[in-house]
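Report on one structure; see the data block that follows.
The values are calculated or read from the model by the stated rules, or taken from the named source; none is laboratory data. Note that the structure is predicted; figures quoted are calculated from it, not measured. In this analysis, Cβ positions are derived from the backbone assuming ideal geometry, glycine residues included, and neighbour counts consider all displayed protein chains.
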């Protein structure tokens with residue numbers, strides 16, 4: 001089936017044809033007619049299946065009629081991250097050629113003044129992250145009472161980032177009669193509760209069961225020891241030996257680890273960029289743009305890059321850290337093997353990652369093949385022996401250090417003419433009273449640290 005059978009306008013069909021797409025993906029084929037019929041839609045699809053176009057294309061057709069008013073957007077799209085919001089705007093720019101639509105982006109890292117001036121001119125499509133959107137509404141510069149269509153994208157990612165309370169607030173600010181499109185890759189209980197509260201008799205469009213991985217991605221796991229420097233060595237070896245590596249995203253669990261690994265790879269001669277949440281917006285967009293253009297073949301990233309980023313030709317994904325949440329694994333490896341292309345996903349697994357790997361395999365319903373060679377059990381045993389050996393060596397070094405310190409102190413005492421401490425007098429036999437020390441035995445008290453007025457004698461009372 002072609003796009004012409006979905007009910008899209010001639011302008012939208014021309015824009016789609018100009019991009020070279022001829023056949024809609026399953027999520028687009030099933031969702032677009034319902035969106036055009038003004039039904040609420042609950043879309044469940046794994047990443048990389050064309051969810052963005054499934055709501056952008058029908059929205060462009062709907063928005064051909066009507067007019068935007070100042071500070072009252074006609075449609076609202078909520079995204080969990082700045083990168084995803086910017087990417088959705090790029091889709092509107094690409095497919096909205098020839099349409100005079102005002103599209104505004106409300107994200108952090110950009111001045112309120114510039115965003116406010118765009119809202120004043122009137123906005124047809126408002127794409128925002130929840131925090132910045134609520135900042136504008138609380139300042140009184142934005143009214144959501146004119147929203148006709150609300151899109152909540154990457155809802156499970158919103159849940160992970162703690163945005164569900166903000167989503168609930170936004171849903172109460174938009175009209176009750178609006179149309180709602182809700183897209184997610186997984187359906188945890190909290191997401192199910194939100195859909196039941198804010199969607200009205202939705203059409204459920206599910207093109208793959210929740211938390212499945214694309215069949216075009218070849219998955220594997222490589223064992224490694226727990227020490228970070230040894231994991232980095234394994235990664236460097238994998239990068240050098242990888243077949244058909246065009247570019248790769250390397251995922252870490254923590255922002256700090258992203259920075260360390262980025263610096264380490266640069267030190268070893270790799271052309272690499274970094275992307276994590278603590279970077280300012282221009283730096284984040286610059287790194288992403290360089291990676292898209294092929295100027296940087298490697299990108300070390302936190303999970304900010306795991307959801308929805310459309311970089312269709314990523315050949316490899318490396319999990320330097322196995323994700324703590326199984327759902328994140330699905331989204332990470334979904335960055336490769338997109339649009340029918342083949343991809344490779346390799347996870348570096350240490351002995352302490354075994355529970356996380358088991359949870360991932362249970363979620364995706366398949367085992368992740370282990371690389372040939374040394375097994376994880378052998379690595380774990382070897383890892384334990386190495387740690388025990390290092391612990392013994394540390395104890396020996398500590399003992400030698402204490403001995404040297406004692407010798408040093410003793411030598412210093414002799415050098416400065418100090419006498420060795422006197423041996424302790426033998427204790428009294430049991431039953432014998434202890435005699436008080438004679439004045440000759442008692443050491444004189446050192447009162448040099450006391451103020452003078454405390455050393456004055458106290459006169460006896462008359």
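In this structure, is residue 45 touching a residue at least 40 places away in the same chain (Cβ under 8 Å) and over 23 Å from residue 93 (Cα atoms)? Outline the logic, then answer.
Values: touching a residue at least 40 places away in the same chain (Cβ under 8 Å): yes; over 23 Å from residue 93 (Cα atoms): yes.
In short, yes.
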Q | Search result, residues across the stretch 1-28 that are in a helix (DSSP H, G or I) and surrounded by fewer than 19 Cβ atoms within 10 Å (Cβ to Cβ) | A | 4, 5, 10, 11, 13, 14, 17, 18, 19, 26
Q.
For the stretch 348-371, which positions are part of a helix (DSSP H, G or I), without any contact (Cβ under 8 Å) to a residue 12 or more places away in the chain and within 20 Å of residue 46 (Cβ to Cβ)?
A. 361
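Considering only helices (runs of 4 or more DSSP H) fully contained in the stretch 30-130, which possess at least 2 residues that are more than 25 Å from residue 195 (Cα to Cα)?
82-95, 112-121
Condition (residue is outside any helix (DSSP H, G or I) and touching a strand residue (DSSP E or B) at 6+ places or on another chain (Cβ under 7 Å)) applied to the stretch 164-176: is it met by at least one residue? Reasoning before the result, please.
From the stretch 164-176, those outside any helix (DSSP H, G or I) are 174-176; that's our starting set.
When the remaining residues are screened for being touching a strand residue (DSSP E or B) at 6+ places or on another chain (Cβ under 7 Å), the result is 174.
Checking the stretch 164-176: at least one residue is outside any helix (DSSP H, G or I) and touching a strand residue (DSSP E or B) at 6+ places or on another chain (Cβ under 7 Å).
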Q. Which ones in the stretch 315-346 are more than 19 Å from residue 272 (Cα to Cα) and not in a helix (DSSP H, G or I)?
A. 322, 323, 324, 325, 334, 337, 338, 339, 340, 341, 342, 343
Q.
So residue 126 ticks every box in (1) in contact with a strand residue (DSSP E or B) (Cβ under 6 Å, 6 or more places away or on another chain); (2) free of Cβ contacts under 8 Å to residues at least 40 places away in the same chain but one. Which box is left unticked?
A. (2)
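Please find, within the stretch 135-153, the residue that is surrounded by the most Cβ atoms within 10 Å (Cβ to Cβ) out of those that are in contact with a strand residue (DSSP E or B) (Cβ under 9 Å, 6 or more places away or on another chain) and part of a helix (DSSP H, G or I).
136
Are any residues in the stretch 100-120 in contact with a helix residue (DSSP H, G or I) (Cβ under 8 Å, 6 or more places away or on another chain) and modelled with pLDDT of 90 or more, and if so, which ones?
Keep residues of the stretch 100-120 that are in contact with a helix residue (DSSP H, G or I) (Cβ under 8 Å, 6 or more places away or on another chain), which gives 101-110, 112, 115-116, 119.
Those that are in contact with a helix residue (DSSP H, G or I) (Cβ under 8 Å, 6 or more places away or on another chain) and modelled with pLDDT of 90 or more: 101, 102, 103, 104, 105, 106, 107, 115, 116, 119.
When you go through 199, 238 one by one, which is the residue that is modelled with pLDDT of 90 or more, assigned by TED's automatic domain parsing to the domain that holds residue 270 and in contact with a strand residue (DSSP E or B) (Cβ under 8 Å, 6 or more places away or on another chain)?
Numbers: 199 fails: assigned by TED's automatic domain parsing to the domain that holds residue 270.
Of 199, 238, the one residue that is modelled with pLDDT of 90 or more, assigned by TED's automatic domain parsing to the domain that holds residue 270 and in contact with a strand residue (DSSP E or B) (Cβ under 8 Å, 6 or more places away or on another chain) is 238.
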